[in-house]
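What follows is a single structure, written as structure tokens, with notes after it.
Only the coordinates and a few stated rules stand behind these numbers; no lab work does. Predicted, not measured: the structure shown is a model, and the values here were computed from it. Positions of Cβ are generated from backbone atoms using ideal geometry, with glycine treated the same way; all protein chains shown enter the neighbour counts.
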Amino acid sequence: MEEQALFDAFQQAHRQMRRSLAQINGTASQELAPSQARLLRVLGHHGGSSQKELAAFMRIRPASLSEVLTKLEQKALIKKEQDPADRRRNRYFLTDSGKTLSEKLQEERRNQGGAFFSSLSGNEQEQLLALLTKLGKSDDRTQN
């Protein structure tokens, strides 16, 4: 198989996925950058995490996360609290507004994902997941 054809097909699917995600983020009650929506989703699962922990969950550098945290705090979607065990560290939580928006984004994401992958059978979806997971792990090896 020609690698260029594979890359082109992957790139086309990636563009379509980004359009779908942009639509989800844009239909939320507040305009969010993709990184902001992603952080809300991560905090929905890992509330009370430190900046370092959140960066690890998102697979980005902690310094790259600072601006995203600040913008979501300004929008009153997240709050930070000092860690009682280590006063030098902050823990981040969703506010009530952040929880509501995070849940709305999750629901829209599920609906959009269902539509996006509807042309694939269940077996094909499982195969795609396995292949994408493998590609993601190969990226980890090239980054280190």
Of the convex hull enclosing the alpha-carbon atoms of region 15-89, the direction-averaged projected area in nm² is 5.5
Projected onto the charge dipole of region 70-134 (unit charges on the beta-carbon of Lys, Arg, Asp and Glu, signs +1, +1, -1, -1), the Cα from 98, 72, 123 with the largest positive-side position is that of 72
Hey, in the GNM for the chain with a 10 angstrom Cα cutoff, which one of 111, 123, 90 fluctuates hardest? 123
What pairs from 80/104; 79/99; 75/99; 80/137; 71/99; 104/137 go past 20 Å between their alpha carbons? 80/104; 80/137; 104/137
As a footprinting exposure proxy, order 58, 17 by other Cβ within 10 Å, with the fewest listed first. 17, 58
Per-residue ellipticity at 222 nm for the chain, helices alone: DSSP H runs ≥ 4 residues times -39500 (n - 2.57), over residue total, nearest 500 deg cm²/dmol? -23500 deg cm²/dmol
Quick check: the angle from helix 96-116's long axis to the longest principal axis of the chain, C-alpha only, nearest 10 degrees? 0
With +1 on the Cβ of every Lys and Arg and -1 on the Cβ of every Asp and Glu, the dipole magnitude of region 22-143 about its Cα centre, in debye rounded to the nearest 20, is 420
Between 87, 19, 109, which gets the highest mean-square fluctuation from a Gaussian network model of the chain, Cα cutoff 10 Å? 87
Once the dipole of the chain is set up with Lys and Arg at +1 and Asp and Glu at -1 on Cβ about the Cα centre, which of 32, 50, 10 lies farthest towards its positive end? 50
When 102, 49, 97 are ordered from fewest to most other Cβ atoms inside 10 Å of their Cβ, what list results? 97, 49, 102
Give me the one-decimal Kirkwood hydrodynamic radius in Å for the chain, with the sum taken over alpha-carbon pairs. 17.1
Pull up the cross-link candidates among the aspartates and glutamates for residue 134, meaning alpha carbon to alpha carbon under 18 Å and not fewer than 8 places away within one chain. 3, 124, 126
Over region 47-144, relative contact order from alpha-carbon pairs under 8 Å, at least 6 apart, %: 20
Compute a Gaussian network model of the chain, connecting alpha carbons closer than 10 Å, and tell me which residue from 18, 88, 110 fluctuates the most. 88
Between residue 53 and residue 137, what length comes free when the chain is fully extended (0.36 nm per residue of separation minus the Cα-Cα distance, one decimal in nm)? 28.3 nm
